[in-house]
Amino acid sequence: MTEMRKIKLVKASIRLGPKRRLIIYLICTGLWLSGVLWLLFHYFVSTPTDFGPSPHPLESWWLTLHGAFGFGAMWMLGLVSASHIVNGWVSRKRRWSGSILLGASAVMALTGYLLYYAGDEALRAISSYAHWGLGLIAPILFLSHRLWGLIRGRSKSSSAATGEASVDQVT
């Protein structure tokens with residue numbers, strides 16, 4: 001028979017160090033900017049030719065850079081998953097905003113994959129709108145998660161911090 005009991009866990013840090021935070025900010029900024037620049041060049045900037053408008057030469061470079069930052073973002077997600085997400089979940093801090101951000105990241109990865117590999121044009125069109133629509137609001141999701149402690153007020157989070165967290169465990 002199983003028995004429910006409380007165990008105490010040493011509170012692990014949720015906060016990322018300055019170097020990791022800088023890497024995350026650089027990857028996220030590069031990913032977002034390269035995506036926005038691709039959108040701008042794809043839809044609004046073209047090169048006139050004798051045969052009509054042609055895609056601007058930088059358009060493919062923005063997409064290549066965006067793909068490279070996408071690989072960096074997948075690596076970053078693994079880095080953040082190993083400590084920040086696990087420790088944040090246990091501490092019960094910012095679960096909603098973190099879950100929304102993680103879900104948005106998963107949808108972005110899936111739609112990015114479909115844009116690259118899907119052969120069906122209808123699926124590619126849906127994936128495209130979902131990918132760039134969610135991508136454009138991604139900074140808002142990130143900032144909401146990052147600043148949630150300031151929005152809710154530091155008094156709640158600082159009074160709840162005791163140095164230890166307790167969780168239920170089934171044994």
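Since every read-out is calculated from the coordinates, none of them should be taken as a lab result. None of these values were measured; they are calculated from a predicted model. Cβ atoms come from the backbone with ideal geometry, glycine included; neighbour counts cover every protein chain shown.
What share of Cα pairs, in percent, lie more than 18 angstrom apart in the range 5-102?
61
Determine ³J(HN,Hα), in whole Hz, for all residues of the range 31-42 in sequence, where each value follows from phi through the Karplus function 6.51 cos²θ - 1.76 cosθ + 1.60 and θ = phi - 60°; x replaces Gly and Pro.
So the Karplus estimates, Gly and Pro as x, are 5, 5, 5, 5, x, 5, 5, 4, 4, 4, 5, 5 Hz.
Write out the trypsin sites (Lys or Arg not before Pro) in the range 39-94 meeting two conditions: DSSP loop, and at most 11 other Cβ atoms within 10 Å of their Cβ. Write out the running numbers ahead of the final one.
Details: sites: 92, 93, 94; in loops: 92, 93, 94.
Answer in residue order: 92.
Per residue, how much space in cubic angstrom lies within the convex hull of the C-alpha atoms of the range 35-161?
119
When you count, for each residue, the other Cβ atoms within 10 Å and take the mean per peptide, how do 129-135, 14-20 rank with the highest first?
My ranking of the peptides, most packed first, is 129-135, 14-20.
For the range 93-152, which semi-axes, largest first and in whole Å, follow from the square roots of 5 times the eigenvalues of its Cα gyration tensor?
After scaling each eigenvalue by five and taking roots: 29, 10, 6 Å.
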